[in-house]
Every structure is written in C-alpha cells, then in structure tokens.
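Here the structure comes first, spelled out in structure tokens, and everything after it is commentary.
Please treat every number below as a calculation from the coordinates, not as lab data. Quantities reported herein were computed from a predicted structural model and do not represent experimental measurements. Cβ placement follows ideal geometry from the backbone for every residue including glycine, while neighbour counts extend to all protein chains displayed.
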Amino acid sequence: MSNQKSPKEDKNIKIAVAKLRFFRVSCRKARPLITSLKGKSAQEGTAYLKFSSNRLSLYLYKLLGSCISNAENRGLKKDQLVIKEFFCDNGPVLKRFRPAHRGMALPYKRRLSHITVVLEETEIDKKSSKKQASNNKQYLNNNDKNNHRQRRDYA
C-alpha cells in the first residue's frame, strides 16, 4: 500500500474532480477543444465554452459546471479555481456494420471516451491568463466558418 492519501481522504488537498464517462464522441474530436482550456481559470473556461460553436462545448460546459459545484461543496473558493488537468481518454469501442454492395457488410467503429476535469484552488495570475487567452483566439477563429459567436444559455 502507498502512503499517499487520495483526494477523497484528505480534506486539506485543494482540488475537485469531475468525470464524464462513456461519452459518445471520439477523443480525436474532443482533444483540440479540451487542450485549449488547460491552465485557464474556471470562470474563463465556462465563458469560453459558452460562446464556442463546437458541438462538444455544451457537454464540456456542463462538466466544468459540475466540477465547480464539487469544488464549492469541498469548501474551495469559486474565484480562485484554475483548470489543473483536462484530458480525454479512450473508452470502449462499439463495433457496427454498414450494408454494402452484393450483400456484404462493412465494419466501422463507434468510439466512446472518458473526459476528466481537475480544478485546483490557487492564486490567479492575470498576465498569464491574458496571454493564454490570446493564443486560444486562433483556435476559435479557425473553427468558426462564418467567424461569429452566438451566446448560449445552458443553465
């Protein structure tokens, strides 16, 4: 047995975790959006997802909101939360068949994924968050075909 305590056992560790398991999207499609959120404050991340035109942003917005509420339940301050880890792991693969010519069937895979968010309570440095936000604007501009953002109310 290891001497380290898990986050559930030790209340002094200032992190909160939320997981979205068996999500019906491939990691290849989810990773670009997820990597753009690492290192941001939790409030910046929710604003980024609210205005993102990506189809996954709704589900990631809800997951991040769940993680923020988990942090508040643990006694952490909402204003000082930073996204420490945000990653996507491969889940199980559903094997399906598509009908083809001459009575044949062609196989394809429907991939699932597990998405995990870890928030940590730290002092937020405004200069580094602004620099990272400017780097992420390029991702948004590349994904928006008409280069417009619509406000979404998910609450």
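Numbers at a glance
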read-out	value
Modelled FRET efficiency - R0 35 Å, M104 with R28, Cβ distances, 0.05 increments	0.80
Charge dipole (the stretch 15-127, unit charges on Cβ, about Cα centre) - positive-most of P32, M104, A18	M104
Normalised contact order of the stretch 34-95, rounded percent, pairs of Cα under 8 Å and 6 or more residues apart	50 percent
Dipole moment magnitude, nearest 20 debye, the stretch 15-127 about Cα centre, only Lys, Arg, Asp, Glu C-beta charged	1020 debye
Spread of Cα-to-Cα distances over 10 Å intervals beginning at zero, given as percent, for the stretch 15-127	14, 40, 25, 11, 6, 3, 0
